[in-house]
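The values are calculated or read from the model by the stated rules, or taken from the named source; none is laboratory data. All of these numbers come straight from a predicted model, not from anything done at the bench. No Cβ is skipped: glycine too gets one built from the backbone with ideal geometry, and neighbour counts run over all protein chains shown.
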Amino acid sequence: MTNAIDRRSAFKIGLASAAALATPQIMTRAAMAQVSMPETENPGFNRFKLGEFEVTTILDGERPGDGPHPIFGADQSAEAVADLMEENLLPPDRFVNMFNPTLVNTGSELILFDTGIGEGGREAGLGQTRSRIEASGYSPDDISIVVVTHFHGDHIGGLMEDGEPAFANSRYVTGQEEYDFWTSPDRMSGPTEGNARNVEAKVKPLAEKTTFIGDGDEVVSGIVGMAAFGHTPGHMIYRLESGGKQLVLIADSCNHFVASMQRPDWHVSFDMDKEKAVETRKRVLDMLATDRLPFIGYHMPHPAVGFVQKMDQGFRFVPESYQLQL
């Protein structure tokens, strides 16, 4: 028994001694090791199947800034908005706005929904839609249809590149009411002037190749436009259906995954008709939650795909995990 104990003790002492001897060498190697950080960026796209459709969200870019108040909760106090952010583990006075165009391959058409900020945003790291379409395995020339949900600059900015159509082989689809509003001569003065001039430069040159639709009209089989006015006078969203599965592209119906969803009645400074936008936001969120439909929001955190769950007050954003893989 004594010999066994002695052998065990000697073994333990040997291990301890070896560890003691090795430790300085390990520490020296760790101190000397240098692993450089790669300069490779996130590819900026996310892809999944929806029935027979292939859906790819493209990150056009991210823009950090002050807020969310007063952009979100424009009719609320800064303290109320900050409190809601902190309840959701978010900074109270800073946020990141993300821009997510969506690419849909139906098998016969390659359709881009919205075009990002375009060349004017590249110095700030935005306007990445074209390059990230290429990173995802497609060329801008492969796109056969561009759908524009509404005419704010972060949706139409990428329509043109160096004064020429950025998607050379594409035709276009947009809402009739949106087009009529922004191309009216009345928009060329007052608070709408800046955006109207952008529409004149980016959208009007493409009018002859554009199909104008209304509520309930098809883009192609399986993709239907739905009126969701308020954010702009002709703002539209799109329901996709393939192989018995559905998804809704809600565009700018909700622009912040906490402020606009948990408090859908709060005003958003970018909504042109704020009360109508509140009505639309509640209707769209209720539809998504009731029917348990996945959705893509243009300004949701990339990859911008999720679900909506009803709460006692408002709704909760539930990011997609593996639901669309099954």
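Residues that are crowded, with 18+ Cβ neighbours inside 10 Å and within 16 Å of the chain's Cα centre (by Cα), at least 2 per element: which strands (runs of 3 or more DSSP E) completely within region 89-196 meet that?
Values: elements: 94-99, 102-105, 110-113, 145-148, 171-175.
Ranges flagged: 94-99, 102-105, 110-113, 145-148.
Can you tell me which of His299, His256, His235 is within 24 Å of Thr115 (Cβ to Cβ), in contact (Cβ under 8 Å) with a residue 12 or more places away in the chain and in contact with a Pro (Cβ under 7 Å, 6 or more places away or on another chain)? Spell out how you get there, then give the answer.
On the way: His299 fails: in contact with a Pro (Cβ under 7 Å, 6 or more places away or on another chain); His235 fails: in contact with a Pro (Cβ under 7 Å, 6 or more places away or on another chain).
Every option except His256 fails the conditions.
Of all residues in region 57-88, exactly one satisfies the criterion of being of a type in the set (A, V, I, L, M), crowded, with 16+ Cβ neighbours inside 10 Å and free of Cβ contacts under 8 Å to residues at least 40 places away in the same chain, namely Ala82.
Does region 68-76 contain any residue that is assigned to a strand (DSSP E or B) and in contact with a Ser or Thr (Cβ under 8 Å, 6 or more places away or on another chain)? For region 68-76, residues assigned to a strand (DSSP E or B) and in contact with a Ser or Thr (Cβ under 8 Å, 6 or more places away or on another chain): present.
Taken as a whole, the structure leaves Gly225 outside the set of residues that are surrounded by fewer than 19 Cβ atoms within 10 Å (Cβ to Cβ) and under 25 Å from the mean Cα position of the chain (by Cα). Listed by first and then second residue, the pairs with beta-carbon distance under 8 Å, at least 6 apart or on different chains, first residue in region 173-186 and farther than 16 Å from His231 by Cβ and in the same structural domain as Glu218 (by TED's automatic domain parsing), second modelled with pLDDT of 95 or more and charged (D, E, K, R), are Thr183/Glu200; Thr183/Lys204. Take region 311-322 and flag every residue that is in contact (Cβ under 8 Å) with a residue 24 or more places away in the chain and either under 25 Å from Leu103 (Cβ atoms) or surrounded by fewer than 14 Cβ atoms within 10 Å (Cβ to Cβ) (or both). Of everything in region 311-322, those that are in contact (Cβ under 8 Å) with a residue 24 or more places away in the chain and either under 25 Å from Leu103 (Cβ atoms) or surrounded by fewer than 14 Cβ atoms within 10 Å (Cβ to Cβ) (or both) turn out to be Met311, Gln313, Phe317, Glu320.
When Gln325 is tested against (1) within 24 Å of Glu52 (Cβ to Cβ); (2) buried (at least 18 other Cβ atoms within 10 Å of the Cβ), just one condition goes unmet, and that condition is (2).
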